[in-house]
DNA sequence: CCATTAATTGGCA
DNA sequence: TGCCAATTAATGG
């Protein structure tokens, strides 16, 4: 059960403290494409990602969806209600791949911060990092063409869950679908499909069946 | 298998 | 690039 140590937040805790933290929440398994929370509902729990990929997205009445953020191992979400008074989920949370999440009630989360100041400091750093990521992503969405944004996304996935293969190729498995990528970048699925095929032609990436892509780190 | 969903492709704005 | 339509591929019973 000490999977918690692996996610970064609790590394400098003593064993008994770690047990104390484990007792404050529960480890939960999710299947792929399973809802974790719904936008607008009362915020009852926070989630630490132990394993897997989750997205938070907004959706309009036509069903168009925009992925606000991606969470992988070591991330904590949602990001509201901890240092402000917001008490509803700001977006829809849904797993992309099968996931293992450490789930902790809101009240316990505040208790956790009070009991362990070191974790509260990490939270501040975490927010700063996420804020920076969001700003970079937004500037890319305005300044860069979709191809560049797609490559950035693939690089990020490679860095987070990629497996090194032979000579400069990294395998990204357990991938988002192309629709997900489209939703993240803010373009249509057709565009993503065409851009990916372009990357394949240019030998900057290659496909290994659905959901698995090799990317050439050097050329990207 | 069939039904459903995802991805591809071509045409046109 | 986006949107639409027509196919083709893949996935899950």
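If you take the residues of the range A:96-120 that are assigned to a strand (DSSP E or B) and in contact with a helix residue (DSSP H, G or I) (Cβ under 8 Å, 6 or more places away or on another chain), which of them is surrounded by the fewest Cβ atoms within 10 Å (Cβ to Cβ)?
Only one residue fits best here, namely A:100.
Just one of (1) exposed (fewer than 14 other Cβ atoms within 10 Å of the Cβ); (2) out of contact with any strand residue (DSSP E or B) (no Cβ under 8 Å at 6 or more places or on another chain); (3) not in a helix (DSSP H, G or I) trips up residue A:203, so point out which.
(2)
Are any residues in the range A:6-18 without any contact (Cβ under 8 Å) to a residue 60 or more places away in the chain and either loosely packed, with under 14 Cβ neighbours inside 10 Å or touching a helix residue (DSSP H, G or I) at 6+ places or on another chain (Cβ under 6 Å) (or both), and if so, which ones?
Listed by number, the residues that qualify are A:11, A:14, A:15, A:16.
Only one residue in A:123, A:195 is in contact (Cβ under 8 Å) with a residue 12 or more places away in the chain, surrounded by 14 or more Cβ atoms within 10 Å (Cβ to Cβ), within 14 Å of DNA strand C (Cβ to nearest atom) and part of a helix (DSSP H, G or I). Which one? Let's see the steps before the verdict.
Details: A:123 fails: within 14 Å of DNA strand C (Cβ to nearest atom).
Result: A:195 is the single residue among A:123, A:195 that is in contact (Cβ under 8 Å) with a residue 12 or more places away in the chain, surrounded by 14 or more Cβ atoms within 10 Å (Cβ to Cβ), within 14 Å of DNA strand C (Cβ to nearest atom) and part of a helix (DSSP H, G or I).
Yes/no matrix, rows are residues, columns are (1) farther than 19 Å from residue A:219 by Cβ; (2) surrounded by 14 or more Cβ atoms within 10 Å (Cβ to Cβ); (3) within 14 Å of DNA strand C (Cβ to nearest atom):
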residue: A:155; (1), (2), (3): no, yes, no
residue: A:159; (1), (2), (3): no, no, no
residue: A:164; (1), (2), (3): no, no, no
residue: A:175; (1), (2), (3): yes, yes, yes
residue: A:179; (1), (2), (3): yes, no, yes
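Please go through the range A:147-183 and give me each residue that is in contact with a helix residue (DSSP H, G or I) (Cβ under 6 Å, 6 or more places away or on another chain) and either in a loop (DSSP other than H, G, I, E, B) or in contact (Cβ under 8 Å) with a residue 40 or more places away in the chain (or both), ordered by number.
Listed by number, the residues that qualify are A:147, A:150, A:170, A:172.
Residue A:118 passes all but one of (1) away from DNA strand C (no atom under 12 Å from the Cβ); (2) over 30 Å from residue A:17 (Cα atoms); which number fails?
Among (1) away from DNA strand C (no atom under 12 Å from the Cβ); (2) over 30 Å from residue A:17 (Cα atoms), the lone unmet condition for residue A:118 is (2).
Give just the number: which of (1) within 23 Å of residue A:138 (Cα to Cα); (2) more than 16 Å from DNA strand C (Cβ to nearest atom) does residue A:88 not satisfy?
(1)
I need the full set of residues from the range A:135-147 which are surrounded by 13 or more Cβ atoms within 10 Å (Cβ to Cβ) and within 16 Å of the chain's Cα centre (by Cα), in order please.
A:137
Restricting attention to the range A:53-85, and to residues there that are within 16 Å of DNA strand C (Cβ to nearest atom) and touching a residue at least 60 places away in the same chain (Cβ under 8 Å), which single residue is nearest to residue A:133 (Cα to Cα)?
The extreme case among them is A:67.
Computed from the coordinates by the stated procedures, all read-outs in this text should not be read as laboratory data. All values derive from a computational prediction rather than experimental measurement. Note that we place each Cβ from the backbone using ideal geometry, even for glycine, and neighbour counts take in every protein chain shown.
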